[in-house]
Structures are given as structure tokens and as C-alpha cells.
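Just so it is clear, none of the values below were taken in a lab; they were calculated from the coordinates. Just so it is clear, the structure is predicted and the values come from calculations on it, not from any experiment. Quick reminder, even Gly has a Cβ in these numbers, built from the backbone with ideal geometry, and neighbours come from all protein chains shown.
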């Protein structure tokens, strides 16, 4: 796992707002926390509001990563999950790429807050991603890509 | 990430340190089910030291709540920080669980 062009280990100077990295992890859920830690750290270094770095980013990102590992790549260790991160200082963009066929974002999301769904164990992942990010897109390009965009909140 | 289980009178208190996510939710589930098997009926999960929870972590809480209730027991939650409260409100799980501000209040409520 190697970050590039990020400066995330040494801290981002106040005048430097553009940060990006591109890395791959094996399809193992044990890697989720370290990726989330990394993106949370960059979120804080870029001085995004604390709430966005402590709630929106970790929950949405862990959902996207677990979907990619468990559903997209079916936990196949030979299939990597790619994480592309980019921020211009005003918004964070994270793209998660797996080797699955993809899914219909609209049709796959049900409302877990409806009374008939409230006691279900599953079905909250995409809902949380949509609730916590400003935009979620899914498309196929060199794999199944889920693109999450979070704007800096006031 | 770790789960610490203690007993306070009849209440099984589970402290979640770190994240409750897809990688460790089964461990929490098994620990609580083991206590249920041993006869525990009153359960309190304390989130004072918890970072974030993902949908699979929320799912395990829902599942445990059902299993404990099926055995005539109760599951209560305590010490949700503002982020976790928001998460429960977004998913409306705040309407499903009894949530106390502090561990002491939760213990008193049983």
C-alpha cells in the first residue's frame, strides 16, 4: 500500500490544498480501517469541519469499501480494490474501484427508515452513503467505480 | 478495536473500544450471544470509547436486540457521542433502541 503525491505523512502545509493519492488494497475487510484512518487524517489536515471528518467520511467510506470487498470482489484476495482520492481543498472526491459487474444505485437503495425495514439487519449501507455524501455516482470504467463527493460544509 | 465485558449486578456491560464495523461485528455478536447463552438477560452496550459504526455494526445491534428480546431480555445503549446520535437518528434506529446519556442512567433504568 503506497500513497503518492499526497504528503499525508508529513502534514499538508496550509497553502497547499490539492491532495491526491491512488492505492490498492487486497479484498480483505481488515484493510478498511487503515484506509479510513488515512482519509480521515487528510480530511483533518485539509481543515474540513470536524463533523465531516469524524462522521461523514468514515461511515460512507467504510460502506463503499465493504461493498467493494464483499460484493464487488466477493472477497477474492487476487482481486484488488483501488482507492483514488482527490481534494482541491473545497471538496473531497473518493473513487472506489472493484472488479465486480456493478449494480444499479437507485434500484439497490431502499429506505431503511420505513417501519417495515427498521428491524432488518441489512440494507443501510447505500442509504448511509447517500445521506452522508453530497453526491454518489456509480459507473463502469476499468472496473466498477463508486464515486463519492463531499463538499466542504460551512 | 476491542470489546470488554463486565457485570454490574445483573447487567452485562459491553464496552466497545474503537470502531464497530464489518471486520469485528461478528466478535461482538458472539460475545453477547455467549453471555445470553450463559443466562444473561440485561445487556448494556456502552459507546463511550467508540469511534464510528458502519451499517453492518448497526445491523448487529438490531440482530442482538431481537435475539435478546426473544429470550425475554433487554438491550440498552449508552454514551452515544454526537456523531453516533446522528447516525442513529438518520437511520431512525433511535426509535428502536432505549438510549441513555450515561452508563449510570442506563443501569438505573433496568
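Quick notes on this structure:
- Approximate shape of the range B:1-40 as ellipsoid semi-axes (Cα gyration tensor, √5λ), whole Å, largest first: 19, 12, 5
- Modelled this way, with points 7 Å down the Cα-to-C-beta line, the labels at residue B:102 and residue B:66 are 3.5 nm from one another.
- With N counted as the residues of the protein assembly as shown, its alpha-carbon radius of gyration over 2.2 N^0.38 Å works out to 1.04.
- Among A:43, A:53, a tally of other beta-carbon atoms within 10 Å of each Cβ gives an order, fewest to most, of A:53, A:43.
- Ranking of B:103, B:85 by neighbouring Cβ atoms within 10 Å, starting from the fewest: B:85, B:103.
- Prolate/oblate/rounded label for chain A (Cα gyration tensor, a/c 1.5): oblate
- Per-peptide packing, taken as the mean over residues of other Cβ atoms within 10 Å, places A:118-126, B:55-63, B:28-36 in the sequence B:55-63, A:118-126, B:28-36 from highest down.
- The mean number of partner chain beta-carbon atoms within 10 angstrom of a residue's beta-carbon across peptide A:122-131 is 4.
- For the range A:14-64, the calculated P(r) over all alpha carbon pairs, in 10 Å bins from 0 to the bin holding the longest distance, is 23, 53, 22, 2 percent.
- Paired Rg and Dmax values of the range A:76-137, which use every Cα atom, in angstrom: 14.6, 41
- Order of B:42, B:92 - criterion: other Cβ atoms within 10 Å of each residue's Cβ, fewest first: B:92, B:42
- q = 0.11, 0.12, 0.18, 0.23 Å⁻¹: log10 I(q)/I(0) that the Debye formula gives for chain B, counting C-alpha atoms only: -0.28, -0.34, -0.83, -1.48
- The C-alpha atoms of chain A define a longest principal axis, and helix A:57-66 lies at about 50 degrees to it.
- With contacts taken as Cα pairs under 8 Å at a separation of at least 6 residues, chain B carries a relative contact order of 25 percent.
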